[in-house]
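Everything below concerns the one structure shown next.
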Amino acid sequence: MNRLLFAVLACALAGAVHAQEKKGGQGMENAHAMCIGCHGIPGYKTAFPDVYHVPKIAGQQPGYIVNALKAYKSGERSHPSMRGIAATLSDEDMKKLADYYGGAK
């Protein structure tokens with residue numbers, strides 16, 4: 001039940017970010033904050049759905065980031081939180097995020 005609740009909350013948060021971007025708000029800024037919350041913490045490990053190391057994405061190749069997000073969106077990659085987030089991103093959103101994080105070190 002906790003996994004389902006977490007996935008629903010992740011989807012709701014991602015949907016809110018996407019909706020704000022469509023309205024011309026600070027959607028990308030919020031998306032960056034959502035990403036960095038897990039991917040920007042050195043040595044961060046999560047316990048959902050299993051304990052694993054969360055990779056840093058700053059400095060990653062933009063093409064890799066886009067491909068990974070598309071794989072989460074299509075279901076090819078199965079992490080529930082990432083699937084929920086990627087499901088709300090357009091191809092343009094994915095490119096913006098990839099360009100942002102791909103340029104960071």
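The values are calculated or read from the model by the stated rules, or taken from the named source; none is laboratory data. Just so it is clear, the structure is predicted and the values come from calculations on it, not from any experiment. Virtual Cβ from ideal backbone geometry, glycine too; neighbours counted across all protein chains shown.
Has region 49-60 got at least one residue that is modelled with pLDDT of 70 or more, hydroxyl-bearing (S, T, Y) and not in a helix (DSSP H, G or I)?
Scanning region 49-60, I find at least one residue that is modelled with pLDDT of 70 or more, hydroxyl-bearing (S, T, Y) and not in a helix (DSSP H, G or I), so the answer is yes.
Looking at region 76-105 only, could you name the residues that are part of a loop (DSSP other than H, G, I, E, B) and within 11 Å of the chain's Cα centre (by Cα)?
Selection gives H79, A87, T88, L89.
Within region 31-48, track down each residue that is touching a strand residue (DSSP E or B) at 6+ places or on another chain (Cβ under 7 Å) and either modelled with pLDDT of 90 or more or surrounded by 15 or more Cβ atoms within 10 Å (Cβ to Cβ) (or both).
The one that is touching a strand residue (DSSP E or B) at 6+ places or on another chain (Cβ under 7 Å) and either modelled with pLDDT of 90 or more or surrounded by 15 or more Cβ atoms within 10 Å (Cβ to Cβ) (or both): C38.
Just give me the residues in region 69-81 being of a type in the set (A, V, I, L, M, F, W, C) and buried (at least 20 other Cβ atoms within 10 Å of the Cβ), in sequence order.
Across region 69-81, the qualifying residue is only L69.
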